[in-house]
Amino acid sequence: MAYRQIRKDGDEVLRKISRPVDTIDKKILSLLEDMADTMYRADGVGLAAPQIGVLKRMVVIDVGEGLYEMINPVILEQSGEQDGMEGCLSIPGISGKVVRPMNVTLKYTDRNGESITIEATEFFARAICHELDHLDGILYKDKAHKMYTAKELEEMQED
């Protein structure tokens, strides 16, 4: 595993649409490991391949339930609504309130080439939607209805 540099807001790769993964080979498996290593080292809960400069439809997520490695993920269904805070490893120092689905049904391919369908709710659903947006060149700040600086967040926590 290797730590990769996380691309920051303003890097044009973050605004491009990622391509599907056609073949799961050693290079793809190594990339999944690098993505997980990078996410954990940066203390994140999710990371999409474009965030490390790779335009492939791949994300890794761990919201405390274990690592999910998702290749070519697609949201099949979504329902409900939640409005909550989000941050992003590619946009350090600020956070924003974003409305997301409360529930999602997601289909993806795992590292073994198996097709997996899962149901996610609450924070896990939020993380999935956030990371999949990266695959289409969308950043959470594009959907946020309110943005906060680190100082504003700190002041809110003091109240």
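Structural remarks
- Taken together, 105, 117 contain a single residue that is open to solvent by 30 Å² or more (accessible area, probe 1.4 Å) and among the polar types (S, T, N, Q), which is 117.
- Tally, over the range 46-67, of residues that are open to solvent by 50 Å² or more (accessible area, probe 1.4 Å), touching a Phe, Trp or Tyr at 6+ places or on another chain (Cβ under 8 Å) and either modelled with pLDDT of 95 or more or not acidic (Asp, Glu) (or both): 0
- The number of residues in the range 93-148 that are in a strand (DSSP E or B), of a type in the set (Ser, Thr, Tyr) and over 12 Å from residue 75 (Cβ atoms) comes to 5.
- Residues of the range 124-159 satisfying the condition of being among the basic types (Lys, Arg) and either within 22 Å of residue 11 (Cα to Cα) or open to solvent by less than 20 Å² (accessible area, probe 1.4 Å) (or both): 126, 141, 143
- Unmet criterion (only one of (1) in contact with a helix residue (DSSP H, G or I) (Cβ under 9 Å, 6 or more places away or on another chain); (2) open to solvent by 40 Å² or more (accessible area, probe 1.4 Å)) for residue 97: (1)
- Any hit, the range 12-28, residues being in contact with a Cys (Cβ under 9 Å, 6 or more places away or on another chain) and either within 30 Å of residue 152 (Cα to Cα) or exposed (fewer than 14 other Cβ atoms within 10 Å of the Cβ) (or both): no
The values are calculated or read from the model by the stated rules, or taken from the named source; none is laboratory data. Being a predicted model, the structure only gives us computed values, none of them experimental. Counting neighbours? That spans all protein chains shown, and the Cβs are built from the backbone with ideal geometry, glycine included. For the accessible areas, the whole protein counts, side chains as well, though only heavy atoms, and no ligand, DNA or RNA atoms are used. Shrake-Rupley method; radii C 1.70, N 1.55, O 1.52, S 1.80 Å.
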